Structure formats: C-alpha cells, structure tokens
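Report on the following structure.
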Amino acid sequence: MGSEAPIRYGLIGTGWRSEFFARLASQAPDRFQIAAVASRRPERAAAVAASWGVPSAASTKDLLAAEPEFVIPCVPWGEMAPTILALVEAGMTVLAETPPAADLKGLRDLWTQVGNRNVVQVAEQYLYMPQHAARLAIVREGLIGEVTSVQVSSTHLYHAVSMIRGFLGAGRAQVRVHAQSFTAPLANPLSPSGWSGSMEPQGLATTVATLDFGDAGTGVYDFTDNQWWNPLRSKRIVIRGSNGEIVDEKVTRLVDPYTPVESHLVRRQAGLDLNLEGVDLRHISFDGRILYRNEFAGARFSEDDLAVADLLAAMGAWRRGQGPEPYPLAEACQDHLIALAIGESVRTGQTVTTTTEGWSDPA
C-alpha cells in the first residue's frame, strides 16, 4: 500500500470538517493528497487553500478538472443531498459527510436519483475507531457467541445507530423505536468553542431510546447533550452475546461448560513515560493477539483521526478496485432513518416503527 500513489480527493466546503480532512493529508502526505478545495465563495476557498497549503478551485467544474479520485462534500445538512446529486451527475464518485440528507424526504429523493449507481459512500467513521474496530473483530470471531443486544452511550443519533447496527449485524429492515428525553442539571465546562470557565450546572437533556430490530436483537441508545466534549460524562458500550459480553475493554466469555474467563483489550501507547517512539497508539491486543494496528504510526493522529484515515484508505482502495465498499449510502440512509425515528418518538411520546424504503432489505 505504501508504494502506491497517495489517495487523491477533492473537498467542497471550508469549515471545520473540511479542515479535518485537510489536516489528515498534511500529517500523512505519503497516503493522502488534496486535489483542490472549492467553496460557494471562491475568495474563501482561495484563502483557506492558501492557509492549508492546497490548491483552490473556483467552481465544481474546476474541482473536477483537478482529477480527484473522489470528492468529499462538507456542507450543511440541507445542502448535502443536492451537492451529492450534482457531483454524481458530473460523473464523480462521492464520499459524503453524515448524514447524506437532512430529512426523510431528502433521503428518499436522493436514493431515487443515485441509489442504484454505486458511486456514493458515506464518511461514517465510528466502527473504524480503534477500540470499536477491535471490539468488532472479537464479535466477528464469535468469541461471545451470537450478539443479542448493544448499549451505546457515546455519540449521537446516526453515529450511535451505526455502531448498534454494526455490532448486531442488523440489516435494513423495519425497527421499532421508543425514546424519551429527560433534563437534569449538569456542569458543561468544555464545548467546541473551548472551556467556559464556569462550574454552574445547566439543564442538559439525556435521550434514552430502545431499538427493537426483531430477530437481529435490540439496541439501547443513551446520549446526553454535548457528551462528546463534556469531561463529566464518560463513554460506555456493552455488547451482549449468547456466550458472553464486552463491557468497554473487558471481555467475558464461556470457554467450556464450567469456565467463564475474563480478558481485556490492551492498548500499546507510544510516548508515555520514557518511551521515545513518538506520541501514537501503536496497536490494540487481546490475549496476545493484535486486533487493531495503527497503519499511520508517526502521523500522531488522534483516535478519531485514525478512524477517518482508515475510512479514507478504505475509500481509496474501493475506488481503485482493491477492496469492499467502506460504508454504502444504503447503510447511512438506514442510520439516519432510525435517528429521525428517535427524534419523532421523543416529540410524540409514541413508539415509532420505521418505514420500508428503497434502500431497505428485500422482504
């Protein structure tokens, strides 16, 4: 892989998420390259491109002329579906940011127009995160038996749904959703805008939802406002199977009729104490076996960066005919369909059953 040309992609948008993708290319230039960045405001694209050290494009046409292997649109929700459609109509492969459309109508319209063209993937990175990738490897080995339920308290809506569905191996059939929201006081010292300097509690909402996937199992969604950033709320995951369970980093399973055993996911983190290898996660092991290895050692990526980098690598491999789809549009549409149902259930106080859509599994 390292001997191949860097994966070359274009960006639409100049906000925080675009900067995220530009940073990955800057820190791993042997693996990723920005063909050009475009914006609705050409002067903004030129300014940001100069700051990032990448070419700018005055229009989508100019962006495509830079010959990216695919384009990543990082635009507001309401603009995502039209932008995807315009890129596809121009003959471009797309890695769309999440969600691929703002609402159910937008999802339906987008699927009708591009669903069967097999040129749109979605940048859903959570199952690529190192700890989750290691957990998923354990699940797929069958070490805890058949997975029957997944509880996620970590991230919000479609991201959490993607994790629940991924660990369950649930397809795109109808789901029964029941959700409630509760408000309680909680200090909120850190947000995307930085440290607040305040210890004063605020009224923050916690949404809890049960997701019934039928024979595929059940999910529990638990998210508190700003849980990503708030250091006073931890992240938790429970994956329960017929022969054991995974709780965060602890794996319990039955190895014979009389012997339950516990093992742990173990991180090898460089740069601690007197280790001078650089600041990097090196690998995650389980009972002496490597389940996840950092393929970008030396780039000093955060775990979220590593997840997106692995997804970009998978996207490039798929685009070059060397690997499977990283995250198909149908999967992302199903994630957001369920996320919308969570919101509807909170608003109405009723159980919501998702509808059968064009991207659903065949009956």
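Considering only residues of the range 187-197 that are at negative phi and open to solvent by 50 Å² or more (accessible area, probe 1.4 Å), which is nearest to the chain's Cα centre (by Cα)? Here the residue is P192. Is it the case that the range 44-67 has a residue that's within 20 Å of V88 (Cα to Cα) and in contact with a Phe, Trp or Tyr (Cβ under 9 Å, 6 or more places away or on another chain)? Among the residues of the range 44-67, not one is within 20 Å of V88 (Cα to Cα) and in contact with a Phe, Trp or Tyr (Cβ under 9 Å, 6 or more places away or on another chain), which makes the answer no. Checked against (1) within 21 Å of the chain's Cα centre (by Cα); (2) closer than 22 Å to F301 by Cα, F70 passes all but a single condition, namely (2).
Considering T355, T348, the condition of being within 25 Å of T206 (Cβ to Cβ), at pLDDT 95 or above and more than 17 Å from the chain's Cα centre (by Cα) is satisfied by T348 alone.
A residue that is touching a helix residue (DSSP H, G or I) at 6+ places or on another chain (Cβ under 6 Å) and open to solvent by less than 40 Å² (accessible area, probe 1.4 Å) occurs somewhere in the range 176-186.
Might you let me know whether the range 32-55 holds any residue that is within 20 Å of the chain's Cα centre (by Cα) and open to solvent by less than 40 Å² (accessible area, probe 1.4 Å)? Yes, that holds for at least one residue. Mind checking which residues of the range 326-360 are part of a loop (DSSP other than H, G, I, E, B) and either on the phi > 0 side of the Ramachandran plot or surrounded by 15 or more Cβ atoms within 10 Å (Cβ to Cβ) (or both)? Scanning the range 326-360 gives P326, Y327, G349, T354, E357, W359, S360. Cβ separations smaller than 7 Å between residues 6+ apart or across chains give the following pairs from the range 133-149 residues that are open to solvent by 30 Å² or more (accessible area, probe 1.4 Å) to residues that are among the basic types (K, R): L143/R253; T148/R240. Of note, A363 does not satisfy the criterion of being small (G, A, S) and crowded, with 18+ Cβ neighbours inside 10 Å. Looking across the range 74-121, the residues that are of a type in the set (V, I, T), in contact (Cβ under 8 Å) with a residue 60 or more places away in the chain and surrounded by 18 or more Cβ atoms within 10 Å (Cβ to Cβ) come down to V75, T83, T93, T98, V114, V120.
Selection over the range 201-225 of residues that are of a type outside the set (A, V, I, L, M, F, W, C) and either within 16 Å of L337 (Cβ to Cβ) or open to solvent by less than 20 Å² (accessible area, probe 1.4 Å) (or both) gives a count of 6. Checking E124, E69 one by one, the residue that is over 30 Å from E344 (Cβ atoms), buried (at least 19 other Cβ atoms within 10 Å of the Cβ) and among the charged types (D, E, K, R) is E69 and no other.
Within the range 155-178, residues that are more than 18 Å from P100 (Cβ to Cβ) and of a type in the set (D, E, K, R) have Cβ atoms under 7 Å from residues that are modelled with pLDDT of 95 or more and not in a loop (DSSP other than H, G, I, E, B) in these pairs: R176/D212; R176/T353, counting only partners at least 6 apart in sequence or on another chain.
The values are calculated or read from the model by the stated rules, or taken from the named source; none is laboratory data. This structure is a prediction, so every number in the text was calculated from the model and none was measured. Note: ideal-geometry Cβ built from the backbone for every residue, glycine included; neighbour counts use all protein chains shown. These area figures cover heavy atoms from the full protein model, side chains too; ligands, DNA and RNA do not enter into them. Shrake-Rupley method; radii C 1.70, N 1.55, O 1.52, S 1.80 Å.
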